[in-house]
Number of protein chains: 2
Amino acid sequence: MTSSPPAPGRRPTIDDVAAEAGVSRGTVSRALNGNHWVSPDAQRAVEAAVKKTGYRVNAYARGLRRRRAGSVAFLLGEDLDQMFADPNFATLMRGASESLAASGLSMVLLLAGSAEEQARALDFIGTGQIDGVMFVSWHHDLSVLADLNRAGVPTIFCGTPEAGTSTTGYVSADDFDGSVQMVQHLLSRGRTRIAMIAPPSDAVGGNLRLEGYLKALGPGADESLVVHGDYSRESGRRAMLELLSAHPEIDAVFAANDLMAAGAIEAAQSLGKEVPRDIAVGGFDDSAAAVSITPAITTMRQPFRRITNEMTRLLLQQIDGEPPAHMTLRTELVVREST
Amino acid sequence: MTSSPPAPGRRPTIDDVAAEAGVSRGTVSRALNGNHWVSPDAQRAVEAAVKKTGYRVNAYARGLRRRRAGSVAFLLGEDLDQMFADPNFATLMRGASESLAASGLSMVLLLAGSAEEQARALDFIGTGQIDGVMFVSWHHDLSVLADLNRAGVPTIFCGTPEAGTSTTGYVSADDFDGSVQMVQHLLSRGRTRIAMIAPPSDAVGGNLRLEGYLKALGPGADESLVVHGDYSRESGRRAMLELLSAHPEIDAVFAANDLMAAGAIEAAQSLGKEVPRDIAVGGFDDSAAAVSITPAITTMRQPFRRITNEMTRLLLQQIDGEPPAHMTLRTELVVREST
DNA sequence: CTGAAAGCGCTTACAG
DNA sequence: CTGAAAGCGCTTACAG
């Protein structure tokens with residue numbers, strides 16, 4: 001069998017491999033896709049031919065045939081600057097990328113922070129170039145979620161979407177329980193006046209961390225000890241100054257994330273207070289920020305790897321036709337020096 | 001002509017549109033692609049049919065036919081955490097995304113910060129799902145660039161790649177000239193002992209900002225007044241402390257980016273020095289960091305929008321078969337309060 | 001200006 | 001275990 005070599009500059013196709021290996025196109029495809037029904041000889045010949053020709057499957061032909069894209073969008077419902085300011089975000093994104101790769105899927109980042117970006121992202125998704133969407137957003141504009149649902153695109157949300165959005169699958173840390181744990185920890189340290197630097201009031205998930213705090217303190221909770229931040233370090237700083245000036249007697253603060261906790265510690269120190277002696281500070285997330293400050297921050301560890309793994313798994317199931325599922329993962333108290 | 005409606009759950013295809021509009025598939029395609037040779041009547045009928053059926057072009061069929069993907073990779077040669085710490089990065093990414101969108105291309109983010117990620121990214125690129133690559137990396141591992149060149153993928157680099165890498169197209173701010181301008185500005189302010197917080201020694205582009213500084217000072221330059229940072233705020237802080245302790249007589253510092261300049265100002269202030277009275281501090285980039293501190297930082301403005309626009313333009317030319325081109329854009333002095 | 005036809009590069013029943 | 005064939009949904013010469 002004489003195989004005419006591919007024309008120069010042309011990408012080798014499956015037919016070039018078939019000719020080189022001396023088998024049919026179908027056999028090459030089966031060998032490449034790990035199908036059974038391929039003899040060891042044929043398998044070897046195909047592998048050698050692939051190497052020799054430098055063959056790479058054409059994603060368009062495959063996608064057209066399989067009606068499957070082989071990639072998933074990581075959709076960012078937030079402004080880039082905000083996302084980048086949050087150390088959790090890189091962790092999440094890296095985890096998702098690795099987890100998807102392990103399933104043979106590639107990750108495509110799509111921005112949807114502005115109305116214009118949203119339109120573009122939905123447009124891209126509409127062309128069928130992705131099989132599903134991982135949606136990350138920490139504020140409350142979930143209209144994109146509705147659009148995605150309407151278009152029938154398998155979607156998994158990271159966090160807890162608004163109550164009632166049960167048509168969307170999601171994976172979330174147990175924010176409520178985590179907050180209860182943290183407050184109980186502070187109580188166990190003998191603290192009695194525990195304030196909170198809460199998530200912004202428009203936070204996704206109905207402010208479960210605040211609810212956990214209120215629940216743990218029971219009827220003794222004092223709403224005037226709650227100040228809202230915006231998850232930034234600077235807002236933690238401001239909130240702490242506000243709390244200390246209005247309520248100098250507080251002996252502990254639970255901040256809804258480590259970044260705000262770090263800001264709170266800085267603010268307390270700037271006022272000559274010692275942490276945790278004068279005031280204990282607890283955080284949430286166990287992000288890099290928790291250990292980049294002295295004292296290192298006691299915090300609730302979010303199981304990020306687990307979260308991204310489960311997001312991938314549930315999304316794949318949805319892509320395979322399963323209905324959306326929810327999942328809530330427990331957080332773990334990490335005691336350091338700040339409490 | 002009776003058109004059988006698309007089966008429920010099936011995406012409408014071009015044939016559904018053709019049936020609905022009462023024209024042939026070819027006419028629909030021509031109408032959709034803005035081709036001439038379509039009668040106004042046909043054009044209208046097609047547009048109505050598209051709206052009615054909710055037709056979206058199938059990207060795989062189109063890509064297979066056109067041998068063009070319609071999307072470009074934004075390839076990150078850096079670790080995510082490092083990128084996210086740099087305010088320029090979000091600016092660059094947003095600009096690239098918008099600029100590509102304006103040309104009808106979508107942007108796909110690909111990570112190549114680790115060897116594993118590099119392999120995955122090259123693999124994805126190899127399947128032909130993207131037409132070209134915008135490569136952003138601020139350190140010196142340019143092996144990916146070589147891989148991309150070998151694979152014949154149109155690539156445009158953001159910044160100045162190592163001298164001699166002339167096979168790659170790039171767009172860059174004129175770092176050398178910008179640094180000369182800044183030093184001249186400091187000299188014009190009557191400063192005589194000007195230190196520098198330079199880029200890391202393995203920075204991409206052979207440390208042009210440092211070279212500009214040395215050039216502007218001429219034979220009077222004192223290498224002992226140069227300390228290398230790593231572009232982070234914290235490194236600027238450390239560098240400033242080091243400089244002030246070894247050379248208390250310095251009256252100005254030029255930091256290679258705004259983040260380090262901000263750190264330097266904080267360090268100076270922590271030692272009781274007033275900026276600019278006791279010591280002037282100049283930055284580079286005109287990023288958000290420049291105006292988020294008091295005093296606001298005098299800096300060299302990088303023309304980011306122009307950079308991303310030119311990157312898009314040059315990349316599109318390469319995709320169309322033009323040879324790679326270089327472009328260097330002038331930076332502009334922005335005088336604020338720190339000098 | 002329009003339609004019929006070929007073909008992009010794959011995968012997958014189907015028949016053997 | 002293997003090959004021949006159909007077909008995924010488009011675009012684009014080609015003939016009219």
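The values are calculated or read from the model by the stated rules, or taken from the named source; none is laboratory data. Remember, it's a predicted structure, so these values are computed and weren't measured experimentally. Heads up, the Cβs are rebuilt from the backbone with ideal geometry, glycines too, and the neighbour counts pull from every protein chain shown. These accessible areas exclude ligands, DNA and RNA; they are computed on the full protein's heavy atoms, side chains included. Shrake-Rupley method; radii C 1.70, N 1.55, O 1.52, S 1.80 Å.
For B:Arg301, state whether it is touching an Asp or Glu at 6+ places or on another chain (Cβ under 7 Å), free of Cβ contacts under 8 Å to residues at least 40 places away in the same chain and either within 26 Å of B:Gly169 (Cα to Cα) or in the same structural domain as B:Ala198 (by TED's automatic domain parsing) (or both). Yes; evaluated as a whole, the condition is true for this residue.
For residues that are farther than 18 Å from B:Glu266 by Cβ and under 33 Å from the mean Cα position of the chain (by Cα), scanning just the range B:223-253, find the one that is surrounded by the most Cβ atoms within 10 Å (Cβ to Cβ). Filtering first and then ranking leaves B:Leu225. Can A:Ala61 be described as at the interface with chain B (Cβ under 9 Å from one of its Cβ atoms), modelled with pLDDT of 90 or more and outside any strand (DSSP E or B)? Judged against the criteria, A:Ala61 is a match.
Do we find a residue being in contact (Cβ under 8 Å) with a residue 40 or more places away in the chain and aliphatic (A, V, I, L, M) anywhere in the range B:34-50? No.
Table: residues versus (1) more than 30 Å from B:Ser338 (Cα to Cα); (2) modelled with pLDDT under 95.
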position: B:Leu105; (1), (2): yes, yes
position: B:Ala115; (1), (2): yes, yes
position: B:Ile130; (1), (2): yes, yes
position: B:Gly152; (1), (2): yes, yes
position: B:Gly159; (1), (2): no, yes
position: B:Ser179; (1), (2): no, no
position: B:Ile194; (1), (2): no, no
position: B:Pro200; (1), (2): no, yes
position: B:Ala203; (1), (2): no, yes
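Of all residues in the range B:196-203, at least one satisfies being outside any helix (DSSP H, G or I), out of contact with any Asp or Glu (no Cβ under 8 Å at 6 or more places or on another chain), surrounded by fewer than 17 Cβ atoms within 10 Å (Cβ to Cβ) and among the hydroxyl-bearing types (Ser, Thr, Tyr). Has the range A:135-146 got at least one residue that is at pLDDT 85 or above and in a loop (DSSP other than H, G, I, E, B)? Among the residues of the range A:135-146, at least one is at pLDDT 85 or above and in a loop (DSSP other than H, G, I, E, B), which makes the answer yes. Listed by position, the strands (runs of 3 or more DSSP E) enclosed by the range B:298-339 that each have at least 2 residues that are closer than 30 Å to B:Ile279 by Cα and touching a strand residue (DSSP E or B) at 6+ places or on another chain (Cβ under 9 Å) are B:299-301, B:332-334.
Evaluated against (1) open to solvent by less than 20 Å² (accessible area, probe 1.4 Å); (2) more than 8 Å from chain B (Cβ to nearest Cβ), A:Met93 falls short on exactly one condition, (2). Residue count for the range A:36-83 satisfying the condition of being charged (D, E, K, R) and more than 16 Å from DNA strand D (Cβ to nearest atom): 6. Check B:Thr167, B:Thr192 and return the single one that is under 30 Å from B:Thr127 (Cα atoms), in contact (Cβ under 8 Å) with a residue 40 or more places away in the chain, open to solvent by 40 Å² or more (accessible area, probe 1.4 Å) and not in a strand (DSSP E or B). Exactly one residue qualifies, and that residue is B:Thr167. Reported count of residues in the range A:18-32, each being open to solvent by 40 Å² or more (accessible area, probe 1.4 Å), more than 14 Å from chain B (Cβ to nearest Cβ) and more than 9 Å from DNA strand D (Cβ to nearest atom), is 1. Whether any residue in the range B:115-123 is open to solvent by 10 Å² or more (accessible area, probe 1.4 Å), within 11 Å of chain A (Cβ to nearest Cβ) and in a strand (DSSP E or B) is what I want to check. No; the residues of the range B:115-123 include none that is open to solvent by 10 Å² or more (accessible area, probe 1.4 Å), within 11 Å of chain A (Cβ to nearest Cβ) and in a strand (DSSP E or B). Filter the range B:64-81 for residues that are of a type outside the set (Lys, Arg) and free of Cβ contacts under 8 Å to residues at least 24 places away in the same chain and give the result. Scanning the range B:64-81 gives B:Leu64, B:Asp81. Scoring A:Val153 on the criteria (1) in the same structural domain as A:Leu105 (by TED's automatic domain parsing); (2) open to solvent by 10 Å² or more (accessible area, probe 1.4 Å); (3) farther than 24 Å from A:Gly70 by Cα leaves a single failure, condition (3).
Listed conditions (1) farther than 13 Å from B:Thr167 by Cβ; (2) at the interface with chain A (Cβ under 9 Å from one of its Cβ atoms) are all met by B:Gly152, apart from (1).
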